[in-house]
1. Which residues, counting only those in region 63-80, are surrounded by fewer than 21 Cβ atoms within 10 Å (Cβ to Cβ) and closer than 19 Å to ARG28 by Cβ?
2. Quick one: would you say THR70 is closer than 20 Å to ALA34 by Cα and either part of a loop (DSSP other than H, G, I, E, B) or under 14 Å from the mean Cα position of the chain (by Cα) (or both)?
3. Go through region 42-64 and report how many residues are part of a strand (DSSP E or B) and either of a type outside the set (A, V, I, L, M) or closer than 22 Å to THR79 by Cα (or both).
4. Only one of these is within 16 Å of the chain's Cα centre (by Cα) and open to solvent by 10 Å² or more (accessible area, probe 1.4 Å): ASP161, ASP83, ASP113. Name it.
5. Out of the residues in region 131-152 that are open to solvent by 40 Å² or more (accessible area, probe 1.4 Å) and within 17 Å of ASP183 (Cβ to Cβ), state the one that is modelled with the highest pLDDT.
6. Quick check on SER95: is it surrounded by 19 or more Cβ atoms within 10 Å (Cβ to Cβ) and in contact with a His (Cβ under 9 Å, 6 or more places away or on another chain)?
7. So, in region 164-191, of the ones that are β-branched (Val, Ile, Thr), closer than 20 Å to LEU143 by Cα and modelled with pLDDT of 75 or more, which residue ends up surrounded by the fewest Cβ atoms within 10 Å (Cβ to Cβ)?
8. From the list VAL150, VAL133, which one is assigned to a loop (DSSP other than H, G, I, E, B) and either without any contact (Cβ under 8 Å) to a residue 12 or more places away in the chain or over 20 Å from VAL21 (Cβ atoms) (or both)?
Amino acid sequence: VFALAMLAFAAPASALETRCVNTAAEFRNALLAADDDDMQINVVRGTYSFGSDPMDAAPEPSVGYNVRVTGGYDASCGTRQYDPLLTVFTGSTPSFSIFSYDSIVIESLAFIDTGNVHFRAQSYGGNGPDERVTLSRVWFENLCGNGNCVGGGARASINADDVSLSQVAVVGHAGTRCAMEIDTYDLNLASVAFSLLGFIIEKISGKTYGEF
C-alpha cells in the first residue's frame, strides 16, 4: 500500500515525440516542442537556411528535455543516409544554438557558412551527472563565413558535464579564433575519437577547457 501511495505522487516520465522536418521553420518548431517532451527530430536531406538563432523564440534560456537531431533522411523519414554533407544548416544567422536542461545528440549534420554554433546541456542548478552532449558524424565548415558572428569566443562551443565527439570535422575557419571549445568540469568526461581536430588544454577557475 505504501508503495502504491508513493507511485501516486511520483512525477510522470516524459514522453518521446518524433518529428520529420523538411523546412527551417519545422525544425525550429520541433526544437521548441522539446520544452514539453523528449524530442527526436529527423531532418530530411537538403539545405536549410536560418535567418535567426532557433533558440531565439524559446520561452526559457533552454528547452526542458532531451533533444536528438538526426540528419540524412529521405522525404518520408523512412530511410537514412549517414553522410553529414547531405543535410546542411546554413544562413545569415549570427549564431545557431541548441540549449537544453537535459541532454543533446546531433548526428549526420553539417553546419556550413553560418554564425557561431553552440550546444549546451546544463541542469537548472548547473552541470550535473546526466547532462551530456554527443556529436556523431558532424561537419563544421567556415563558421562565421556568412559575415556574422556573435562575441569573440570560439566558432563552435560545447558546454556539458559529459561530452562525446565521434567523426567530427572542424575545417575552413579563417582568422585567429579557436575553431571549437569544449567546456566541461572534468576533462576525463570529454571524449574525442576519429575526428579532424587538434587541441590545447587550459584550466581556468577549476574548470577544464579544451580548445580545438
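The values are calculated or read from the model by the stated rules, or taken from the named source; none is laboratory data. Predicted, not measured: the structure shown is a model, and the values here were computed from it. Please note: Cβ atoms are built from the backbone with ideal geometry, for glycine as well, and neighbour counts cover all protein chains shown. Protein only, heavy atoms only, side chains kept; ligands, DNA and RNA dropped before computing areas. Shrake-Rupley method; radii C 1.70, N 1.55, O 1.52, S 1.80 Å.
1. Here is the first cut: in region 63-80, the residues surrounded by fewer than 21 Cβ atoms within 10 Å (Cβ to Cβ) are 64-65, 68, 74-80.
Passing the criteria: GLY64, TYR65, ARG68, CYS77.
2. Details: closer than 20 Å to ALA34 by Cα: yes; either part of a loop (DSSP other than H, G, I, E, B) or under 14 Å from the mean Cα position of the chain (by Cα) (or both): yes.
Yes; evaluated as a whole, the condition is true for this residue.
3. First, pick out the residues of region 42-64 that are part of a strand (DSSP E or B): 42-44, 46-49, 63.
Restricting the remaining residues to those that are either of a type outside the set (A, V, I, L, M) or closer than 22 Å to THR79 by Cα (or both) gives 42-44, 46-49.
The qualifying residues number 7.
4. Numbers: ASP83 fails: within 16 Å of the chain's Cα centre (by Cα); ASP113 fails: within 16 Å of the chain's Cα centre (by Cα).
Of ASP161, ASP83, ASP113, the one residue that is within 16 Å of the chain's Cα centre (by Cα) and open to solvent by 10 Å² or more (accessible area, probe 1.4 Å) is ASP161.
5. The extreme case among them is ARG132.
6. Values: surrounded by 19 or more Cβ atoms within 10 Å (Cβ to Cβ): yes; in contact with a His (Cβ under 9 Å, 6 or more places away or on another chain): yes.
Yes; evaluated as a whole, the condition is true for this residue.
7. First, pick out the residues of region 164-191 that are β-branched (Val, Ile, Thr): 168, 170-171, 176, 182, 184.
Restricting the remaining residues to those that are closer than 20 Å to LEU143 by Cα gives 168, 170-171, 176, 182.
When the remaining residues are screened for being modelled with pLDDT of 75 or more, the result is 168, 170-171, 182.
Values: VAL168: 24, VAL170: 24, VAL171: 13, ILE182: 25.
Going through the qualifying residues, I end up with VAL171.
8. Values: VAL133 fails: assigned to a loop (DSSP other than H, G, I, E, B).
Checking each option against the conditions leaves just VAL150.
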